[in-house]
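First up is the structure itself, then whatever we jot down about it.
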Amino acid sequence: MKNALVALMVMAAVLTAGENKKETKVWEPYKFKGTEHFKYALTVKDEDGKTQKGEYVIDLSKQGEKYKIKINGSFAGNEGSVSTTVDDASSISGVIFGQMIFNPWLTPLTTTLFANAFMAVFTSGAFAGGLEEGSHWSYKSKDGDKVEFNVKGECKYAGRKGKLLTMKSNGKTVYETCIDPEVALPIYVKYIDKDDGTFSSMELVEYKE
């Protein structure tokens with residue numbers, strides 16, 4: 001994964017430097033409007049081949065001059081809720097991620113949607129370049145490890161349309177995501193262990209502003 005990170009950062013820098021001057025929609029990951037409703041279906045396959053499912057709801061609303069964050073979720077017998085306020089919308093992502101420390105039941109949500117933030121660099125850079133279906137990057141290290149990134153085309157979840165992007169490591173898919181540049185979170189994301197086939201995925205099933 002270290003080699004993948006190096007390749008990712010290099011490509012993101014190149015994409016930004018050569019940004020298309022045409023007006024294009026750029027995805028700004030985790031930049032919430034502060035008045036959104038997200039509902040995600042979570043699916044996790046473990047080492048024993050057992051599949052578990054859960055769901056998480058994130059509700060964001062304006063409360064006076066502040067923003068209210070409400071999260072409810074359940075997975076693998078664990079469930080919980082949290083409610084808090086922040087002074088501005090730019091603080092929402094940090095607060096949601098930080099809640100994982102105090103609320104372990106939030107771990108599947110935060111590790112799937114927030115933890116691998118470096119992937120946001122790739123997807124954000126991709127839209128900065130106004131990429132079309134079939135766009136492709138690859139990187140091969142001196143050790144022979146190969147990382148590939150592809151734009152597969154359109155995808156649709158919860159009535160939202162986006163672009164499907166994939167990452168392969170030595171020929172095996174390890175990451176998929178569907179990005180709608182109008183939505184602060186991926187509308188679909190899946191992490192796959194190339195060695196044992198375990199995975200964690202989240203799919204947006206409801207969205208409102």
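The values are calculated or read from the model by the stated rules, or taken from the named source; none is laboratory data. Bear in mind that the values here come from a model prediction, so they are computed numbers and not experimental data. Note that we place each Cβ from the backbone using ideal geometry, even for glycine, and neighbour counts take in every protein chain shown. Ligands, DNA and RNA are excluded from the accessible area calculation, which covers all protein heavy atoms including side chains. Shrake-Rupley method; radii C 1.70, N 1.55, O 1.52, S 1.80 Å.
If you go through region 164-180 and keep only what is open to solvent by 60 Å² or more (accessible area, probe 1.4 Å) and at positive phi, you end up with just Asn170. Residues in region 128-163 that are within 23 Å of Met202 (Cβ to Cβ), open to solvent by 40 Å² or more (accessible area, probe 1.4 Å) and either assigned to a strand (DSSP E or B) or without any contact (Cβ under 8 Å) to a residue 12 or more places away in the chain (or both): Lys152, Glu154, Lys156, Tyr157, Arg160, Lys161, Lys163. Restricting attention to region 196-209, the residues being open to solvent by less than 40 Å² (accessible area, probe 1.4 Å) and either among the polar types (S, T, N, Q) or under 20 Å from Gly34 (Cα atoms) (or both) number 5.
Give the residue that is least open to solvent (accessible area, probe 1.4 Å), with candidates limited to residues of region 55-109 that are among the aromatic types (Phe, Trp, Tyr) and closer than 28 Å to Val44 by Cα. Write out each step before concluding.
Within region 55-109, the subset among the aromatic types (Phe, Trp, Tyr) is 56, 67, 75, 97, 102, 105.
Checking the rest, the ones that are also closer than 28 Å to Val44 by Cα come to 56, 75, 97, 102, 105.
On the way: Tyr56: 1, Phe75: 30, Phe97: 82, Phe102: 156, Trp105: 34 Å².
Taking the candidates together, the pick is Tyr56.
The residues of region 181-195 that are over 20 Å from Thr43 (Cα atoms) and either open to solvent by 40 Å² or more (accessible area, probe 1.4 Å) or modelled with pLDDT under 90 (or both), listed by number, are Pro181, Glu182.
Residues in region 18-63 that are at pLDDT 95 or above and among the hydroxyl-bearing types (Ser, Thr, Tyr): Thr35, Tyr40, Thr43, Tyr56, Ser61.
For beta carbons closer than 6 Å, sequence separation of 6+ or different chains, a first residue in region 56-72 that is among the basic types (Lys, Arg) and a second that is surrounded by fewer than 17 Cβ atoms within 10 Å (Cβ to Cβ) and in a strand (DSSP E or B), the qualifying pairs are Lys66/Thr85; Lys68/Ser61; Lys68/Thr85; Lys70/Asp59; Lys70/Ser83.
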